[in-house]
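Report on one structure; see the data block that follows.
The values are calculated or read from the model by the stated rules, or taken from the named source; none is laboratory data. The model shown is predicted, which means the values in this text are computed figures rather than measured ones. Cβ: placed from backbone, ideal geometry, glycine included. Neighbour counts: every protein chain shown.
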Amino acid sequence: MSILVNSKTRVLVQGITGSFGAKHAQLSLDYGTQIVAGVTPGKGGQFFEHAGYKVPVFDTVEEAARETGATVSVVFVPPPFAADAILECSDAGLALTVAITEGIPINDMIRVKAKIHGGSMRLIGPNCPGLVTPGEGKDSHGGCRIGIAPGHIHKKGNVGVVSRSGTLTYEAVWQLTSRGYGQSTCVGIGGDPVNGTSHLDVLRMFNEDPETEAIIMIGEIGGTAEEEAAEWAGAHCKKPIAGFIAGTTAPPGRRMGHAGAIVSGGKGTAEGKIAAMRAAGIAVAETPSVMAETLLKLWGKV
Amino acid sequence: MNIHEYQARELFQKFGVASPKGKAAFTPEEAEQAATSLGASQIVVKAQIHAGGRGKGTFDNGFKGGVHLCKTPAEARHLAEQMLGHALITHQTGPEGKLVSTLLVAEAVDIAKELYFAILFDRTTSAPMVIASTEGGMDIEAVAEHTPEKIIRVSVDPLIGLQPYQTRKIAAALGLRGSLMTQATKLFTALYRTYTETDCTLVEVNPLVVTPDNRLLALDAKFNFDDNALYRQPGVAALRDKSEEDPREVAASEFNLNYIGLDGNIACLVNGAGLAMATMDIIQHAGGKPANFLDVGGGATKEQVTAAFNIILGDKAVKGILVNIFGGIMDCDVIAHGIVDAAKETGLSLPLVVRLEGNNGPAGKKTLAESGLKLQSASTMADAADKIVASVHAA
């Protein structure tokens, strides 16, 4: 088991013919992921070929899903067209859309979020690295890699990882893998202020997933999503959680790279988040160098 | 992105938000002409800089105050002569002040009542939110803290926008009745249009004033725009005044680098925003002070790393540099060559600690070791932070 996706998940790629989408579609195919379709309007009927794979390209998501049985889409579409691409997935009845695109206007995302609210499709991202459920092969080959994370640093195992930041996720995953501990699923929920899936949503899923035994939750300054997740975890989560919050030294009122990473009006500080997490029994790593170590101690492994 | 007050007035005029008549002036002659065309009995002349505290500021020529009232066009011209081309020093500008090259010449209005009205993007609800209060002209965060009952909050459904009944509800709560309610409905609706059609994340009118002759006017405004939407807002992007921004940040943005200057002495260069923040944090944890936030993005090409080094080295407070790269997809050896070339090209002589982890990491470390550069390699973030802090303290 794992959450959201597994080695059998059939994935379509929106923007597969663009350089960014193509590169990561190739890496996912190399990882053993079931990339079954591409979508680029106007290029329907062509094929995306890589290392012996021949992936059909469709004009619309609906056709791609119908013809190939894809249930998940990954969006590499440029910002001006990304909101529409996400809505197209919802209309086509997909179960999950992972939006990698960085730089989608806030006004577009609030409308998308309001429109898909209450529907059956889950959105992860935007502005996220995607998700990885590691496989059993060499360097975790054979798993499901959706997005832009480096697959080879993973290892199949029992730690769930959820994070707003890409490279910090890789850092945590690599620390775990280097110590011999694998991951059930790693979910990058993205650095934008409006996202489809929150820390709390992912914690709930990890809590229900029999394969996940322990959790690393990585947050950063801005918003109150970490506080909400911590409050829920304190009351309901049965599994050990270690955490880290980036941005203790960030000056207030400045946007730290991610559109959502900003302390404003005294809200969203690292101190507030760390205090909320500790109050909920989450072990907060003192530095990003000891994220795995902090979890392993709490989990009784070291 | 911030804009000047006169630009905010121009946006108000475009979208039909009632505000006092006013014009931008770039020369004393224009100030006089503007004052004449206003035909007002009382005129206000305001220096246009992004810093606050203008009224109480002092110019570098000794002239006191960046905001002045006057009665005649000749007086407006005389004021302009003393303000234009001089730096205005306020508690927010620093001792060197900000050069004033534009003035707002506007009708000065009498005020019977000051109110507060803002539309902002609310993260908790992922929707626009109207915040209003009868306590105008004050620090709204203080009002919210001490007298929360005086804050009116109305959430807007982004799919249908601000509805007329909502504008009436807000007007009623602000005590705007009769003709003022009609004016309020019109003004709030126009402000919401401004907010959505120019892709704002904040429009704050403080104060929103009622005049003795029962006019409702937006007196001063603050705008924040969504940087992600600037590609479709050329009119808004054109309002950007780069002279108001940190020149290092402007230079960085030209190379697609995300740079924010801080006041420490250990510079860092990192790929990824989260990792970049975490690197600043670990420098502080090791006993040092970060000089900047710098995210070079996923690519980290030689050109970007060179540009990044140049920007970092432009900060004279910097005494050491920490490079922290997690090469997930990128080949660490390629990045290592980029760092070596950039360090040589910029003639780097400060202590440099490089932590390279990930894809082809050992080859990258070998390249660094054989480069002939005086740099230290680190294996973990903690190791890297300890090494750079020790080097800077020893220097």
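Name every residue in segment A:47-91 that is surrounded by fewer than 24 Cβ atoms within 10 Å (Cβ to Cβ) and in a loop (DSSP other than H, G, I, E, B), in order of residue number. If the condition is that a residue be surrounded by fewer than 24 Cβ atoms within 10 Å (Cβ to Cβ) and in a loop (DSSP other than H, G, I, E, B), then A:A51, A:G52, A:D59, A:T60, A:G69, A:T71, A:P78 are the ones that fit.
To keep it simple, each residue is scored yes or no on (1) surrounded by 17 or more Cβ atoms within 10 Å (Cβ to Cβ); (2) in contact with a Ser or Thr (Cβ under 8 Å, 6 or more places away or on another chain); (3) among the basic types (K, R); (4) not assigned by TED's automatic domain parsing to the domain that holds B:V340.
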| residue | (1), (2), (3), (4) |
| --- | --- |
| B:F255 | yes, no, no, no |
| B:L262 | yes, yes, no, no |
| B:N271 | yes, yes, no, no |
| B:L275 | yes, yes, no, no |
| B:M280 | yes, yes, no, no |
| B:G287 | no, no, no, no |
| B:L294 | yes, no, no, no |
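Taking the criterion of being more than 24 Å from A:I241 (Cα to Cα) and assigned to a helix (DSSP H, G or I), the residues of segment A:127-151 that qualify are A:K138, A:D139. In the set B:A307, B:A317, only one residue is under 27 Å from the mean Cα position of the chain (by Cα), touching a residue at least 12 places away in the same chain (Cβ under 8 Å) and within 16 Å of B:A276 (Cβ to Cβ); that residue is B:A307. Of the residues in segment B:60-69, at least one is within 23 Å of B:V209 (Cβ to Cβ), crowded, with 21+ Cβ neighbours inside 10 Å and not assigned by TED's automatic domain parsing to the domain that holds B:L217.
The residue that is surrounded by the fewest Cβ atoms within 10 Å (Cβ to Cβ), among those in segment A:152-163 that are touching a Phe, Trp or Tyr at 6+ places or on another chain (Cβ under 8 Å) and part of a strand (DSSP E or B), is A:N158. The set of residues from segment B:253-274 being within 11 Å of another protein chain (Cβ to nearest Cβ) and out of contact with any Gly (no Cβ under 8 Å at 6 or more places or on another chain) comprises B:Y259, B:I260, B:G261, B:L262, B:D263, B:C268, B:V270.
Remark: pairs (first residue in segment B:129-154, at pLDDT 80 or above; second residue basic (K, R) and part of a helix (DSSP H, G or I); Cβ separation under 7 Å; 6+ apart in sequence or on different chains) = B:S133/B:K150; B:T134/B:K150; B:E135/B:K150; B:V143/B:K150; B:V154/B:K169.
In segment A:113-126, the count of residues that are of a type outside the set (K, R) and assigned to a strand (DSSP E or B) is one or more. Somewhere in segment B:288-300, is a residue of a type in the set (K, R) and more than 11 Å from chain A (Cβ to nearest Cβ)? Within segment B:288-300, not a single residue is of a type in the set (K, R) and more than 11 Å from chain A (Cβ to nearest Cβ). The helices (runs of 4 or more DSSP H) falling completely within segment A:164-275 that include 2 or more residues that are among the acidic types (D, E), over 20 Å from B:D226 (Cα atoms) and within 13 Å of chain B (Cβ to nearest Cβ) map to A:225-236.
Among all positions in segment A:6-25, there is at least one residue which is β-branched (V, I, T) and closer than 18 Å to A:H141 by Cβ.
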